[in-house]
Amino acid sequence: MIDFIQTTLDGLSIGSAYALIALGFTLVFGVMRRINLSYGPSIMLGAFAGTWAFVTLEAQPWLVAVVTIAGTVAVGMYVERLCFWAIRKDAAIASMVSSFVIWMQLEEVATILLPGRTYPYPELFKFGGIDIGPYFLRMEHVTTLAVAMFMLVVLRLLLYRTRFGLALRAVSESSEAAVYMGISPVRITFWAFVFASFIGGVAGYLLLAADQQVTPYFGLWATFKGLIAMMLGGLGSIPGAIVGGLLLGVIEAHTQWYLGNAVKDLTAYLVLFLVLVLRPGGLLGQGIVERHAQAFRRI
Amino acid sequence: MSEYAISIASNMGMIAFVALSAYVVLVVGEISFGQQAYFGIGAYVSGMATAMWGWPFGFALVLGSCVAAIAAFAVGALTLRLRGLYFAIATLCFAEMIRLGLNSIHVQVEIDGEPVGPDGAEGFGDIRWMFEHDVTTLEYMFIIYALLGAVLVVLLLVERSNLGAVIRMIGQDPLLARSQGIDVGTCKLLVIVFSGMIAGLGGCLYAHFATYIEPNVFNVMLGVHALAYGLIGGLGTALGPIIGVVLDIGFLEGVRAIQGYRMIAFGGLVAILLIIMPRGILDEVRIHHIKRWLRRQ
Amino acid sequence: MLEVRDLVTVYGAIEALKGVTLSAKQGEITCILGPNGAGKTTLMYSIAGILKPRSGSVSVNGREITGSSAPYALACGIALVPENRLVFPSMSVEENLRAGAFRRLRGDRSAVLEDIDKAYVRFPSLKRRRDQAAGTLSGGEQQMLAVARAMMSRPNILMMDEPSLGLAPLVVSEVFSIISQLNKEGVSILLVEQNAHKALQIASHVYLLDQGRVAFSGTPGDIGEDDIIQRAYLGSKAA
C-alpha cells in the first residue's frame, strides 16, 4: 500500500510537468485549431540556450531559468510567424508539416550551439525533499505540481475574467465573428502563442532542473508527451489537459513500478489508443467526434 | 554508378514507398502519423521469412506486405469513426505500440550454429538473402525501382479512374460524398489497407537491403517525414511524394556546401515553400492546368 | 451618413463589385435587394473593412474609411450583423454581449454593463437566458442576440445581412419590428434582404444590386413592388 501511494505521488509529480506542457498545447490548439509539432523542440532550444549560458558563461541558476523561458518564447514567436501566421488559414496540414520541418531546423541549431549529446542543467533547490510519514517527495516535484496548479488558476482567470481572455475565447469559437466585434484574430493568436510558449518554458525549466540534464531528444519527448496528455484529457479542454497530464504520469509510474520500464511507454500508448477508440472525445471531452471540438468549455 | 550513389538511390526508392502510403491516406482526407509501423511490420515479417524459414524472396515480399495490410485493416476498422487529429494520434499510438512491442520480441532460431531472428532492442541482423543469392546492390536497386514503378502505375491508373475521383471527393468533402451515395467508410478502409500494403512492401525491400533492422528505425520521425514528403511534392498526384523524397534525400546528400547547416537550410526552404504553395508543388490546381496543357498539345 | 462611391471589389478572379455608388442617410432604413451573387454581402464586407476594395471610396459622416481595418470601421460607428448570425456558441449570452463591446471594454466598463442591461430590457428573452450557452438558443433568439451584440458597440449605422434567413414567418415579423424600432431610436440601418416584401414595408430607400452594379435606386413608392421583386429575384435581364 505504501508502495502504491508512493508510486502514485511520483506519477503525479512527473504528471504535473506533462500537464503544463499539455496546457500550452491546448491553448494554441484551442485558438488556432492547428497543431504545433515544434512546441517541444522550441522548449528544447530555449533550454539549450539556458544550459549554454550555464556551461559557457557560468550563469546563476535563476539566470538560466530566465534564459530558458525567454528563449522558448522567442523561438515560439519565430514558429508562430513562419508556420502559422504566414500560412493560409485553411491550410492546417501545411502548418503542421511546416512546424515539423522547423523542428528539424531547431534541432540543428541546438546541436550547433552545443554539439554534445547531454549537458548538465542546474538544479532548482539544493535541499532534497520532504518526508510525510512513510512517503518521500522531492522538492522539485512539489514545486512543479504547485506551479501547474498555479498556472491552471492563472489561465482560468485570464480566460474568464479578462478582456484578452474574452477575445481569445471569441476567436477560438468563431474567428470570423470575432472580426466583426473588432477583435484581431491575428494579434490574439500571436499572444496566445507567446503565452503558451511561456508556459512551455516554465514546464521545461522545472522538468530539466529536476533531471539536472538536457539532451536534444527533449524536443521529441515533450511534443509527444504533451500531445498524448492533451488527447487523453480531451482536445481543447483546459481542465482536460491537467487531468490528462496527471493521469499519464500516474499510469506511467505504476506500469514502470509493477511491469518494468519496457512496458511503461507501451501502456501509455495503449491506454490512449483505447480511449480514442472507445471514447473519441477524450476523458473530459464531449464524447463525440467533432471536427472542431469546442475549446475552453467550462468545468 | 558508385556504391554511394546506388545506396542513396536505393534509399530514396524505399522511402518513397512510405511517402506514397502516407500520401494516399492524405488524399482520402486523413493524416496518419503511423505509416512507419507498416513499413516495420513488412521489414520484420519478410526478414523472418527469408532468414529464419528460408522462404524465397518473392513469397517473403507477398507475405510481408499482406501482414502489413492486415494490420492496416485492423487499425483502419478500429479508427473508422475518428477524424482529423484524433485519427492522427490514434495511428501514432498504434505505431509506437508496434515499435515498443518489437523491442521486446525475441524469436530466434539456430542456423549454422548462429542465432537468427529478432532480438528485441538489439535488432534483427543477418538478413542475408542478397549475399546468399549473389544479388548485387545495383541489381537490387533495379528491383526496388521496378516495384516502385509498378506501385506508381497502379496509383496513377486509380487516380484516373472513377475510384480515384471518389477518393478525392471523400478527401475534399466526406459529407458531400455520403450524400452522393458513396460508402465513405468502406472506401476509407480500402485506402488505408492499400496504404499499409505499400508501406509493407517498402519495408520488405528495406530489410533485405539493410540486412540489419532495429525497432528504432521505425520511429515516428520516419512517419512524419513521409507525411512531409507528400506535402512538399504536392497532393495533386502520386508523383508528388516522389518529388518530396528526391528533394529531401537528394538535396541533403547532394549539396555538400551546406554540410552542417543542411537542416537549417532545408527547413527554411520547405517552410517558405509551404507559405507559397500550402498543398505542395504539384497540387490539384496545378495538376489540372498541366493536364489541360498536355491535352492541348 | 454613409457614402459609398464607385466601389470596386475583386474577390479572387471575380470582380464582385463593379463600381457601386450609394448612400445611407442618417436615421433611415436603406435596403439593398438583389439576386444571389449580385454582390450584396461583398458590399457589406467592403464597407465594414473586412474586404479591401480595389478602388472607390467609403466614408462615414465625411470621414474616409476606405480600405481601413474592421476595428477602425467599428470605431467609426459601423457594426455588422453577419449572415447566419454567427453567435459564439459555447459562450453564454452575456459573454456574447460583452464580446460585442470588446472595443469599449478597455475604458468605460460601467457603461458597457449599463448597455447590457438596456439590451436585456429590449430583449427580455435574452435576459432569461443570460447564462445559457448561445448555441442552445433558438434561431430567432440567436438573431436577437446577434443584433443585441452588434448594438453593444453603439453604432451609428447597423448593417444587417439577411436577418430573416432560415427563420419562421412569425419570428421574421418580430425581427423586422425590432429593426424599425431600432431605427426610430435613431440608428441608421443598412439592410440586405431576400425577403423583399417585408423589407419594402420598412425601407425608406431601396437599391437594387445586380451583377455588381446598382440597377435601381429610389423609394419603395417609385417602383411597383412586383417589379422590384421580379428584378430582385430574377435579375435585370428578366425585367
If packing is taken as the average count of other Cβ atoms within 10 Å, what order do C:34-44, B:166-176 fall into, highest mean first? C:34-44, B:166-176
Once the in-chain neighbours fewer than 8 apart are removed, the aspartates and glutamates whose Cα is under 16 Å from B:Lys188 read B:Glu30, B:Glu159, B:Asp173
For a quick size check, give me the Cα extents of segment C:11-86 along its three principal axes, largest first, whole Å. 30, 27, 25
Tell me which aspartates and glutamates have Cα within less than 15 Å of A:Lys264's Cα, excluding those fewer than 8 residues away on the same chain? A:Asp10, A:Glu252, B:Glu96
Note to self, chain A gives a 222 nm [θ] from helices alone (DSSP H runs n ≥ 4, -39500 (n - 2.57) apiece, / all residues, nearest 500) of -24500 deg cm²/dmol
Angle in degrees between helix B:3-27 and the longest Cα principal axis of chain B, rounded to the nearest 10: 50
Counting only other chains, what is the mean number of Cβ atoms within 10 angstrom of the Cβ of each residue in peptide C:69-82? 3
Across peptide C:41-49, what mean number of C-beta atoms from other chains lies inside 10 Å of a residue's C-beta? 1
Quick check: with the 1.4 Å probe, what order do A:Lys264, C:Lys127, B:Lys188, C:Lys18 take by accessible area, largest first? C:Lys127, C:Lys18, A:Lys264, B:Lys188
Using the Cα gyration tensor of segment B:51-192, with a ≥ b ≥ c the square roots of its eigenvalues, what is the shape: rounded (a/c below 1.5), prolate (a/b larger than b/c) or oblate (neither)? oblate
Keeping all protein chains in place, calculate the accessible area per residue for segment A:2-298 (probe 1.4 angstrom), answer in Å². 37
Add +1 for every Lys or Arg and -1 for every Asp or Glu among the other residues with Cβ under 12 Å from the Cβ of A:Ala74, and state the total. 0
In Å², nearest 10: area of B:Ile98 left accessible to a 1.4 Å probe: 50
Between A:Glu123 and C:Ala111, what is the label-point separation in nm under the 7 Å Cα-to-beta-carbon projection? 5.8
Run the quick spin-label model on A:Ile5 and C:Glu174: label points 7 Å from Cα toward the beta carbon, then report their separation in nm to one decimal. 5.9
Taking the square root of 5λ for each eigenvalue of the C-alpha gyration tensor of chain B, the equivalent ellipsoid has semi-axes, largest first and in whole angstrom, of 32, 23, 18
Taking every residue of B:259-269, the Cβ atoms of other protein chains inside 10 Å of its Cβ average out to 5
Probe 1.4 Å, all protein chains present, accessible-area order of B:Met130, B:Met12, largest first: B:Met12, B:Met130
Treating only the Cα positions of segment B:214-297 as identical point scatterers, give the base-10 log of I(q)/I(0) from the Debye formula at each q in 0.15, 0.19 Å⁻¹. -0.62, -0.89
Report, in whole Å, the centroid distance computed from the Cα atoms of segment C:125-189 and segment C:1-64. 22
Given backbone amide H placed at 1.01 Å from N, residues whose amide H is under 5 Å from that of C:Ala133, ignoring those fewer than 5 places away on the same chain, are none
Considering amide H positions built from the backbone, and no H for Pro or chain starts, which residues 5 or more places from C:Val214, or on another chain, come under 5 Å of its amide H? C:Thr21
Between B:Leu163 and C:Glu15, the FRET efficiency computed from the C-beta separation at R0 = 45 Å comes out, to the nearest 0.05, as 0.70
In whole percents, the bins of 10 Å from zero upward hold the Cα-Cα pairs of segment A:2-298 as 7, 28, 36, 23, 7, 1
Which distance in nm do the two modelled labels at B:Cys66 and A:Trp257 give, with both placed 7 Å along the Cα-to-Cβ direction? 4.7
In chain A, which helices (entire DSSP H runs) extend 24 Å or more along their own long axis, judged by Cα positions, while averaging at least -1.0 on the Kyte-Doolittle scale? A:2-32, A:39-56, A:61-79, A:92-113, A:139-161, A:185-211, A:238-259, A:261-278
Pairs of Lys in chain C closer than 21 Å at Cα, counting only those 8 or more apart or on different chains: 12
For A:Tyr78, B:Tyr23, give me the order by solvent-accessible area with a 1.4 Å probe, most accessible first, ignoring ligands, DNA and RNA. A:Tyr78, B:Tyr23
One finds the C-alpha centres of segment C:87-109 and segment A:227-266 to be spaced, in Å, by 36
Which residues in segment B:101-129 place their backbone N less than 17 Å from a point set 7 Å from the Cα of B:Phe59 along the Cα-to-Cβ direction? B:128-129
Neighbours of C:Asn61 by Cβ distance under 12 Å: Lys/Arg at +1, Asp/Glu at -1, summed charge 0
Just the number, please: percent antiparallel of the DSSP beta bridges in the protein assembly as shown, rounded to the nearest 5. 65
For segment A:2-298, with all protein chains present and a 1.4 Å probe, just round the carbon and sulfur fraction of the accessible area to a whole percent. 67
Overall dimensions of the protein assembly as shown by Cα: Rg and Dmax, Å: 30.4, 104
Once R0 is set to 41 Å, what does the formula 1/(1 + (r/R0)^6) return for the Cβ-Cβ distance between C:Glu185 and B:Gln172, expressed as a FRET efficiency to the nearest 0.05? 0.30
How much of A:Thr56 can a 1.4 Å solvent probe reach, expressed as accessible area in Å² and rounded to 10? 70
Keeping all protein chains in the complex and leaving out DNA, RNA and ligands, what accessible area do you get for A:Arg279 with a 1.4 Å probe, in Å² to the nearest 10? 100
Measure out, as a whole number of angstrom, how far apart the alpha-carbon centroids of segment B:23-58 and segment B:226-285 sit. 24
Taking amide hydrogens as modeled 1.01 Å from N in the peptide plane, which residues meet the under 5 Å criterion relative to C:Tyr207, leaving out close sequence neighbours? C:Cys31, C:Ile32, C:Leu33
Cβ-derived FRET efficiency at R0 45 Å, C:Arg128 paired with A:Arg279, nearest 0.05: 0.85
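The values are calculated or read from the model by the stated rules, or taken from the named source; none is laboratory data. This structure is a prediction, so every number in the text was calculated from the model and none was measured. Methodologically, a virtual Cβ is constructed for each residue, glycine included, from the backbone with ideal geometry; neighbour enumeration extends over all protein chains shown. Keep in mind that these areas ignore ligands, DNA and RNA; they rest on the heavy atoms of the full protein, side chains included. Shrake-Rupley method; radii C 1.70, N 1.55, O 1.52, S 1.80 Å.
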